[in-house]
1. Nothing charged except the Cβ atoms of Lys and Arg (+1) and of Asp and Glu (-1): what's the magnitude of the dipole of the stretch 21-104 about its Cα centre? Round to the nearest 20 debye.
2. Mean Kyte-Doolittle of at least 1.0 and a Cα length of 24 Å or more along the axis: which whole DSSP H helices of the chain meet both?
3. Anything over 32 Å Cα to Cα? Flag those among K48/K466; K54/K166; K166/K287; K363/K466; K88/K460; K26/K54, in the order listed.
4. How large is the translational diffusion coefficient of the stretch 406-462 in µm² per second when you combine the Kirkwood radius over alpha carbon pairs with Stokes-Einstein at 20 °C and 1.002 mPa s?
5. Name the long-range amide H neighbours of A264: under 5 Å, sequence gap of 5 or more, or other chain; modelled H, no Pro or chain starts.
6. Find the relative contact order for the chain and round it to a whole percent, using C-alpha pairs within less than 8 Å whose residues are 6+ positions apart.
7. Given a 1.4 Å probe, how much area per residue of the chain is accessible, in Å²?
8. Mind ordering 335-346, 213-224, 310-321 by average Cβ neighbours within 10 Å, highest first?
Amino acid sequence: CTMSESKPLVNGSGSAADAENLRRLKAYQPYAFFVTFGGYFMSHFSRKCYSTVKQQLQASAGFSALILSSMDTVFMSTYAAGNIISGKLGDTFSPTVVLAIGLFGSGFCLFLINVALWFDFHGMNILLGNIFILLVYAVFGFFQSTGGPVGTAVMGNWFCDKASVKNRGLIFGFWTCHQYCGDITAALCTAWVLGIGLPYWWALLIPALTNFGWSFITARLIADPADVGIITPEVKIRHEKMEAKRKEMAEAGETMEADTGPSAITYTAALAIPMVAQYAFAFGFFKLINYVLFFWLPYFLGKAFDPVTANLIAALYSVGMMPGGIIVGYVSDLFGGRRATVISVFMGVLIVFLGIFSQYSEKLPATALLVMLGCMGILVGGPNNIITSAVAADLASHPTVRGNNKSLGTVTGLINGCGSITASIGLLAVGPLQDAFGWGSVWIFLIVCAFTGTALLSPKIYEELKPSAETTSISV
């Protein structure tokens, strides 16, 4: 590489070419943020809508509690496997095409569920109706899995300049609000549909149509600055490593093939990156907490409130999750990327709230539930947001892989996939626990999950609090 190529792409320094690259990079960042934000928003809008009409599916469509629980488990199982596969696909093929296919497929699956409701498949034959719904929801999980790992990879491609890396936690904290905006919109959409007297299946049809539309917008997004000739720090590092390897081979009398860009990292190499496996296992327990609340809050609240009120109260949990990611991101940036320590503090406070819920959740008035669910949303959302975005980007930027491989999609997919596997297994316990011992036992179950996940991060927490001489300025 040339001397100009080896210079860092930083704000306010470098050659004229560097300044032009930075200008073009910064100019496209807002649009990349907007489209990827919108894509994951649509994913969660379509995913959450089902849980907001669980009572209607049980009362009007004849779905049993077992089928509703099985839908959760089937979705989480295929979503988990899909995350691992989708991350690799996003690193191997065009990320925006993978995202667009995921959005279109999600919309199509929701449309098929509507078809089953319109023609009363369940009424024609209970067994075949159940099988059809479970199969469609299994495929739905695969399509839904594209949003997290692949969207994060596209964001990582564009937000790679020095200022963006320094504020990575804050940027991704704002970006991860997409999922909670989608959750809130789904709850409000369902409340609106039921409130004006429309058939409940409109709450499934509306997100199906919006997913179709956003898939076409996503397909036109530029996935990587290098695709339009913008030289980023990642490209420069690859050029430097390629040049060093070329010289080494030339000295040995060998020739080197032309640089065709970085290859996708293997699963084995991704797991070998320091802390990837630990974060993946810890995230599993944090994700289980989120998904128990995600899937079951409307059902739990529906026992004491009418469907419209229950969905509005449940929306406060998602509202709280948005500032959670921003707070964790900002604070961890402020303290040099010490994200595990910030996560542990949030989990400690969450355990206190869950302890209160285990004793009084079924006695609390609506106002107290609103406040507590908002706070719990902050405490759960912060760690979940930051691990699958800023932490994953930190891990994928490790010196052992940077410039050699495309790794962010695969790393994010592994973390999210492992978390989803744990969550899908853990969700099986919710129905039996609340049937046998009441909702207090479910909250105690979540306390154990919060403690276990935090304990898995304890070596990293100790490292951040007692850094060695080798510790980098941004810890992962």
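1. In total the dipole reaches around 380 debye.
2. Span-like helices here: 95-118, 126-144, 202-219, 276-301, 307-334, 339-360, 366-386, 408-427, 439-456.
3. Beyond 32 Å: K48/K466; K54/K166; K363/K466; K26/K54.
4. Translational diffusion coefficient: 161 µm²/s.
5. Hits under the 5 Å cutoff: K406.
6. 26 percent
7. Accessible area per residue, the chain: 40 Å².
8. In descending order of packing, they fall as 310-321, 335-346, 213-224.
The values are calculated or read from the model by the stated rules, or taken from the named source; none is laboratory data. As the structure is a computational prediction, the values presented were derived from the model and not from experiment. All Cβ positions, even for glycine, are placed from backbone atoms using ideal geometry, and neighbour counts span all protein chains on display. For accessibility, only protein heavy atoms count, side chains too; no ligands or nucleic acids. Shrake-Rupley method; radii C 1.70, N 1.55, O 1.52, S 1.80 Å.
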